[in-house]
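Each reported figure results from applying straightforward, stated rules to the coordinates on display, with no laboratory input. Bear in mind the structure is a predicted one, so any value in this text is a computation, not a measurement. Cβ placement follows ideal geometry from the backbone for every residue including glycine, while neighbour counts extend to all protein chains displayed.
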Amino acid sequence: MTISTEDKTNKRDAIVQALQQLLPANSVLANPEELQPYECDGLSAYRQLPMVVVLPETVEQIQGILKLCHSLDTPVVARGAGTGLSGGALPLDNGVLLSLARFNRIIEIDPVNRTARVQPGVRNLAISEAAAQYGLYYAPDPSSQIACTIGGNVAENAGGVHCLKYGLTVHNILRLEVLTINGEKLTIGSAALDSPGYDLLALLTGSEGLLAITTEITVKLLPRPECARVIMSSFDSVITAGAAVTAIIANGIIPAGLEMLDNQAILAVNKFLNTGYPKDAEAILLCELDGSAAEVEEQTNRTHEVLKSAGSTSLKVSRDEAERQLFWAGRKAAFPAMGRLSPDYYCMDGTIPRKHLAQVLEIIGKLSEEYGLPIGNVFHAGDGNLHPLILYDANTPGELERTEELGGKILELCVEVGGTITGEHGVGLEKINQMCVQFNSDELEQFHAVKRAFDPHALLNPGKAIPTLHRCAEFGAMHVHKGQLPHPELERF
């Protein structure tokens, strides 16, 4: 049944008025100019003004909002800092955008148990800053950690440059306090290292706001390593650098971080920050080793030998903490640096088995040539989490559509080699069609069954992450069995 414009307006006015009765005046934004900053997340190619934005300050206020939306059959999209890159926080024109920006308190730091209780609007980096006085820190460190919030990290199961050794968000949290769509409070996990029953903590982490609204997070804190060094290794080809990653892990060395940048990214970063990356290198690896001083010394020597044997053309070891931070500053600034090369860029996020790094990077290069769109590669090489950045101009007719098509092919390539369409950015709206390639209809139906168990009327972030079977039929996706390598360029490997 088609809803008239008048009916939509009446419903909007009724919801806004009801929200204004629940919340202080400055907590309800309904004018177009107030809504504009919330029209997209970090994936700015997709934009939509929300019907209304709410900024609650207490759990009770969130409960009231959810109960109201549940009773009025109104969708709710939760938002943190808006730094997500998959359109997961894209608002709906008939829904409420629930901003958790005012939930920004660090409730408690427990240095004895090495935990911190924080609200979802706390910035990732702020946790480590608060814990530093105890010699502790929070390990997951997305490149956007200066701005991204821990609630958003939980929603997307974010990682960072140190996730190879220390894991993703799911490996570094103990407990969540959440609210269901009807305002019911749930405690997921516990302060202990394990709790009985189903592992709902893992289920909620990475659920992209589809199952519940997080109001408090208990995170694990780690002691600062005694010593940390970064080896910067240059290579004359991206393919050789990819093979070197496999060699390092195969030799039993697990770095704290193992990152790759290709020449395009190197040049962009040098102009942006003057990091001193070797401009003539086709690719560099940043390999961080941490632990005791003796352990780091021994691992540095071993890693030197592995990198030389793998074809490294030059090696440089950070001399002190300032230089170590400088090496990482360049990597963490790579995305904004690449943004200076083109009016727009599209950041992909697929993960593959490490053994296929060299082959997949070669194919990505050929796809770049085929589509006539430059691609810069900046990624978590150690765990195979690729971040190809496709450079394009949205003002050129048809170029966004070609960029999306190219991005889809890269993600489907990841599935073909036994990988997945996302490592840490989430599915959101961006990759929802590729979910039809990653999973078959039976698997997707199980996802929908989980969604119904938490949110029977599909009011939390609807239309994201999990495609309907009807959408997959329209997309025309044939299920690709992982590891079959049907891509013609892969047949020779």
Legend entry - Residues TYR198 and SER4, FRET efficiency given R0 of 30 Å [Cβ-Cβ distance, rounded to 0.05]: 0.10
Inset, instruction - Once you have the Cα-Cα distance between ALA453 and ALA293, take 0.36 nm times their residue separation minus that, and quote the gain in nm to one decimal. - result: 52.6 nm
Legend entry - Taking LYS11, LYS366 and counting other C-beta atoms within 10 Å, the order from fewest to most: LYS366, LYS11
Inset, instruction - Give me the angle, in degrees from 0 to 90, between the Cα long axis of helix 293-309 and the longest principal axis of the Cα atoms of the chain, rounded to the nearest 10. - result: 70
Legend entry - Nearest-ten-degree value, helix 238-250 long axis tilted from longest Cα axis of the chain: 90
Inset, instruction - Determine the distance separating the Cα centre of segment 361-382 from the Cα centre of segment 1-46; give it in Å without decimals. - result: 40
Inset, instruction - Provide HIS457, HIS356 in ascending order of the number of other Cβ atoms located within 10 Å of each residue's Cβ, fewest first. - result: HIS457, HIS356
Legend entry - Length-normalised contact order for segment 1-127 - Cα pairs under 8 Å, 6+ apart - percent: 23
Legend entry - Net dipole in debye of the chain [+1 Lys, Arg Cβ; -1 Asp, Glu Cβ; about Cα centre; nearest 20]: 640
Inset, instruction - With viscosity set to 0.890 mPa s and temperature to 25 °C, compute the Stokes-Einstein D of segment 342-490, Rh being the Kirkwood radius across alpha carbon pairs; µm²/s, no decimals. - result: 152
Inset, instruction - Quick one: check the C-alpha center-to-center distance for segment 79-105 versus segment 433-454, whole angstrom. - result: 23
Inset, instruction - Using only the alpha carbon atoms of the chain, find the Kirkwood hydrodynamic radius as the inverse mean reciprocal pair distance, in angstroms to one decimal. - result: 23.6
Inset, instruction - State the three equivalent ellipsoid semi-axes of segment 5-99, derived from the C-alpha gyration tensor as the square roots of 5 times its eigenvalues, in descending order and whole Å. - result: 20, 16, 12
Inset, instruction - Treating the angle as unsigned and between 0 and 90°, give the value, to the nearest 10°, between the Cα long axis of helix 441-454 and the longest Cα principal axis of the chain. - result: 50
Inset, instruction - Find the relative contact order for the chain and round it to a whole percent, using C-alpha pairs within less than 8 Å whose residues are 6+ positions apart. - result: 14
Inset, instruction - Return the FRET efficiency for the residue pair ASP320, ARG471: r is the Cβ-Cβ distance, R0 is 45 Å, and the value is rounded to the nearest 0.05. - result: 0.25
Legend entry - Value at 222 nm in deg cm²/dmol, rounded to 500, when DSSP H runs of n ≥ 4 in the chain each add -39,500 (n - 2.57): -10500 deg cm²/dmol
Inset, instruction - Would you mind computing, in nm to one decimal, how far apart the modelled labels at LEU222 and HIS304 are, each placed 7 Å from Cα along Cα→Cβ? - result: 2.5
Legend entry - segment 169-273 - Rg and Dmax from Cα coordinates, angstrom: 20.4, 57
Inset, instruction - With a cut-off of 15 Å, note down the residues of segment 151-176 whose backbone N falls inside the zone around a label point 7 Å from the Cα of THR187 toward its beta carbon. - result: 174-176
